[in-house]
Amino acid sequence: MTPVLSLSAPDLERWLEEHDAPAYRRKQIWTWLARGAATFDAMKDLPKALRNALEAELRVSSLRPIAVSRADDRLTTKTLYELDGGHSVEAVVMRYADRSTLCISSQAGCPIGCPFCATGKFPFGRNLKAYEIVEQAVDAERILAAEGRRLTHVVFMGMGEPMANYRAVVDSVRLLADPDLLGISPRRMVVSTSGLIPRIAQLGEEKLPVTLAISLHAARDELRDVLVPINRKYPVRDLVDAAQAYADTTGRRVSYEWVMLAGVNDTERDAKELGALLRRKLAHVNLIPFNPVEDTPYSAPARASIRAFKAMVQAQGLNVTVRDTRGREADAACGQLHERVTTQAAVT
Ligand code: SAH
Ligand code: SF4
């Protein structure tokens, strides 16, 4: 059966017309989805006959939750969803005092293959459709609504390289922002990329004020070629130029991610190279303590080394913060729940 969000607004209105229902029902259906309705039957202000027709012909969502894990005293929950066709993706909900953030997946697997990343380790599956990306957010809204919370922020930092599934990602940003559905402002969304330069330039032209995050991890090509293999095609200086052009076009400060790997990219040399690369740029550096992944040669630096690295980067005149390690127990770094479930076939 057709997932309801796979129909565009005009397509759903056409479907309604064919079922002798007025076009304004489309908006009602979307509002119910955004409020967390789990079935069409729960959409109480729709006529019973229409609810029956919806139940008979459409699905509320194409995603099937197959595993959930919780951490941080239940402030972080991660759901693994099976997609139509059998691949699976993860989405993580993080609750804070004043907001709730969803970390969303854009691909099943990832073609980039960074050696420290759990997602990069298993074979690439497929691109997600825009509606499959949006359904993760609708499901997060359902989970949060039951707790009296609302979804306020979305970060494209789950499985996959968003820029390698460009059209669907941009379409999903527009749909997530649609006031008839979730109405999340693009200003509250972050798109993270390993650095597909042509797509960064294209995103700058979309007139969508999303924050761009660049997964930098190294400031010299020799090291970045290893950590983020797409660097061999799009070298780091060109990448920073493209990100700076994005900042100039959109007025949005770019966020640079730096996963901290002990003895690999946490030395004084790295801090100085990073300083030289980003000096006088509209930039913010986010240090992410490595979340250990089995069968990788990497480990997380000690807290003191992270603090020391932060101070060295600050001394270079850059804005820098250390990301909290939310979700460590929930296997929250991208791809980790998927890996645990597929290797242990465990449903928790
Ligand atoms: N593919 C995109 C977005 C998803 S990854 C990208 O790479 O930007 C989101 C962030 O998590 C990236 O900065 C990525 O490098 C980082 N990451 C991946 N594996 C990690 C791990 N094991 N520990 C900490 N951060 C990790
Ligand atoms: Fe893909 Fe991002 Fe993981 Fe690299 S870090 S393999 S680009 S998901």
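Here is how the numbers come out for the structure above:
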item: Dipole moment magnitude, nearest 20 debye, region 1-129 about Cα centre, only Lys, Arg, Asp, Glu C-beta charged; result: 340 debye
item: For region 163-300, convex hull of alpha carbons as volume per residue, Å³; result: 118 Å³
item: FRET efficiency for ALA262 and LEU75, using Cβ-Cβ distance with R0 set to 25 Å, rounded to 0.05; result: 0.35
item: Local electrostatic count at ALA21 - Lys and Arg +1, Asp and Glu -1, tallied over other residues with Cβ under 13 Å; result: 0
item: Under 22 Å from the Cα of LYS44 - lysines, other chains or at least 8 residues apart; result: LYS27
item: Whichever aspartates and glutamates have a C-alpha closer than 18 Å to that of LYS233, once near sequence neighbours (fewer than 8 apart) are set aside; result: GLU161, ASP221, GLU222, ASP225, ASP241
item: Highest-fluctuation residue, GLN136, GLN107, GLN244 considered, GNM on the chain with Cα pairs under 10 Å; result: GLN244
item: Segment MET1-ARG269, length gained on full extension (0.36 nm per residue, minus Cα span); result: 90.9 nm
item: Sulfur and carbon atoms: percent of accessible area, the chain [1.4 Å]; result: 50 percent
item: Positive-end extreme of charge dipole, the chain - chosen from ALA34, ALA130, SER215 (charges on Cβ); result: SER215
item: Computed label-point distance, nm, for sites ASP180 and ARG64 using a 7 Å Cα→Cβ extension; result: 3.0 nm
item: Rg [Å, one decimal], Dmax [Å, integer] - region 43-192, C-alpha atoms; result: 15.8, 54
item: Whichever aspartates and glutamates have a C-alpha closer than 12 Å to that of LYS121, once near sequence neighbours (fewer than 8 apart) are set aside; result: GLU294, ASP295, GLU339
item: Gain in span if fully extended, LYS233 to THR321, counting 0.36 nm per residue against the direct Cα distance; result: 28.8 nm
item: Accessible area per residue in Å² at 1.4 Å probe, computed on the chain; result: 43 Å²
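The values are calculated or read from the model by the stated rules, or taken from the named source; none is laboratory data. Note that the structure is predicted; figures quoted are calculated from it, not measured. Neighbour counts run over all protein chains shown; Cβ positions are idealised from the backbone, glycine included. Surface areas here come from the heavy atoms of the whole protein model, side chains and all, with no ligands, DNA or RNA. Shrake-Rupley method; radii C 1.70, N 1.55, O 1.52, S 1.80 Å.
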